[in-house]
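The values are calculated or read from the model by the stated rules, or taken from the named source; none is laboratory data. Note that the structure is a prediction, hence the values are computed from the model and not measured. All Cβ positions, even for glycine, are placed from backbone atoms using ideal geometry, and neighbour counts span all protein chains on display. Side chains included, ligands, DNA and RNA excluded: accessible areas come from the protein's heavy atoms. Shrake-Rupley method; radii C 1.70, N 1.55, O 1.52, S 1.80 Å.
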Amino acid sequence: MTRPDFKSLIRWLDATVVSVAIAVVIGGITRLTESGLSITEWKPVSGVLPPLSEVDWVSAYAKFQEIPQAQTLHAGISMAAFKVLYWWEWLHRLLARGVGLVIAVPFFWFWAKGQIPASLTLRLASLPVLVAAQGALGWYMVSSGLVERTNVSQYRLVAHLGLALVILVIALWTSASLRVAMRGTEEQVSTSFNLTRWALVADGFAIWTFVVILSGGFVAGLRAGKSFNTFPLMAGQVVPPGYGQLDGFLKDAFENPASAQFHHRVLAIVTVFVAVGLWLWVSTADAPARVVRAQRNVALIAAAQVCLGIATLLLVVPVTVAALHQLVAVVLLGATVLAAHAARRAAREARQSGPRIERDRVPLNCAPQIGAPPADVRPCSPP
Ligand code: HEM
């Protein structure tokens with residue numbers, strides 16, 4: 001019985017994951033170098049060309065001089081220094097266009113060729129839609145910093161970071177499902193370990209990690225990493241002075257730098273303890289090896305991320321370390337998603353671990369319904 005060949009779809013989705021991760025990190029560097037507002041217009045097509053003449057540069061520089069950030073943070077900036085800012089923002093936008101092409105062109109090509117399993121069409125069709133929305137959200141974010149404010153809105157920054165990660169997770173999860181569909185199941189899972197419960201725990205931890213990442217976005221958006229550069233205490237206290245000074249918990253959490261940093265620290269420390277705890281739990285239980293491996297990866301990456309976060313803080317947010325902190329946050333999210341995927345698959349195999357051969361021989365076009373990998377990949381018969 002031939003297995004479906006999803007190699008090209010998998011390559012496309014993996015390219016999507018990698019290109020989104022690169023765009024997120026370059027976006028982080030653009031923010032860390034305070035370059036994000038250097039291009040004060042949004043020209044999705046013609047903007048691909050940078051200023052090509054001195055006249056163009058003078059015009060871009062003059063437009064920048066009109067925004068509040070040029071009167072404050074970048075007051076008196078030279079043309080040479082302005083060009084450095086411009087090139088970072090221009091690179092981020094170029095990468096963003098590249099991500100749009102990496103997602104949209106192959107999608108429409110695979111779809112036109114009928115190579116997308118029917119059960120995945122809606123999910124994969126959401127990718128070009130979401131990346132277009134990400135572009136618009138990116139401009140909506142930049143526009144928040146062009147008048148009155150000297151920085152973009154932290155809410156819009158976090159939304160922009162969050163949407164990028166949603167796109168990445170959809171691509172990563174589907175790529176993992178297609179891999180399993182091509183390989184078929186590796187081993188018969190018979191275990192006393194409650195894999196269904198573990199799958200719920202793994203899902204919950206992936207969502208929790210996403211929330212911790214968004215909390216990091218508020219720290220970054222509020223430039224909160226530039227204060228309280230000590231660890232573990234903040235100005236000699238566990239709870240920093242100024243915590244809760246704004247009215248309303250949410251307003252304080254999202255607009256008060258001291259509170260945003262405190263929350264991020266607490267969430268982050270809880271994350272690493274839970275990640276290691278879950279690893280110890282699953283590695284001492286009778287769980288399948290690939291489930292233990294996936295959780296081990298999560299625990300090790302979480303520990304590295306916490307060390308990077310503390311370094312980012314103690315070194316007062318140097319561009320390189322903070323950009324690495326952002327990259328490893330994306331890798332950590334990816335690891336939690338793959339751990340959840342492995343857990344769901346093991347739980348499903350454990351439930352179905354009746355006579356194994358029988359299941360493998362399920363005729364291709366009547367595989368079980370969408371929802372549990374790899375059953376969600378129902379090979380298509382071209383339309
Ligand atoms: C699991 C652990 C952690 C995760 C997932 C995480 C995630 C993130 C993310 C995604 C950002 C950047 C957001 C952006 O640039 O938009 C960030 C920023 C930051 N994080 Fe963490 N973080 C973790 C642990 C820590 C720890 C333990 C500390 C320090 C005690 C820390 C301190 C910071 C600081 C100071 C920033 C702001 C840096 C900047 O302005 O770019 N993080 N974090």
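Observations, loosely collected:
- At least 24 Å along the helix axis (C-alpha) and Kyte average at least 0.5, DSSP helices within the chain: 7-32, 79-112, 118-143, 154-183, 195-221, 257-284, 289-314, 319-351
- Prolate/oblate/rounded label for the range 16-71 (Cα gyration tensor, a/c 1.5): oblate
- When you restrict to C-alpha pairs under 8 Å that are six or more residues apart and normalise by the size of the chain, the relative contact order lands at 23 percent.
- Over the chain: helical MRE at 222 nm, DSSP H runs n ≥ 4 each giving -39500 (n - 2.57), nearest 500: -23500 deg cm²/dmol
- A Förster radius of 51 Å, combined with the Cβ-Cβ distance separating Ala125 from Ser53, puts the computed FRET efficiency at roughly 0.80.
- The overall shape of the range 1-185, judged from the alpha-carbon gyration tensor, is prolate: a/c is not under 1.5, and a/b is greater than b/c.
- Here Lys63 is the anchor, and the lysines within straight C-alpha reach of less than 16 Å, apart from those fewer than 8 places off in the same chain, are Lys43, Lys83.
- Calculated SAXS-style log₁₀ I(q)/I(0) at q = 0.10 Å⁻¹ - the chain, Debye, Cα scatterers: -0.73
- Label-to-label distance, nm, for residues given as Glu255 and Lys7 (7 Å Cα→Cβ offset): 5.6
- Each peptide among 285-296, 108-119, 308-319 gets the average number of other Cβ atoms lying within 10 Å of its residues, and from highest to lowest they stand as 285-296, 308-319, 108-119.
- Rolling a 1.4 angstrom probe over the chain with all protein chains present gives an accessible area of which 69% lies on carbon and sulfur atoms.
- Summary of the geometry: the range 199-257 and the range 266-335, compared by the centres of their Cα atoms, lie 17 Å apart.
- Extension gain from Ser190 to Gln65, taking 0.36 nm per residue of separation minus the Cα-Cα distance: 38.3 nm
- Sum of side-chain charges, Ala224 neighbourhood, beta-carbon under 12 Å (Lys, Arg +1; Asp, Glu -1): +2
- Per-residue extension of 0.36 nm, minus the Cα-Cα distance of Thr284 and Leu163, leaves a gain of 39.9 nm for this segment.
- Alpha-carbon centroid distance for the pair the range 47-72 / the range 153-168, whole angstrom: 26
- Highest-first arrangement of 226-239, 330-343, where packing means the average Cβ count within 10 Å: 330-343, 226-239
- Basic side chains Lys and Arg get +1 at the Cβ, acidic Asp and Glu get -1 at the Cβ, and with that the dipole of the chain about its Cα centre reaches some 980 debye.
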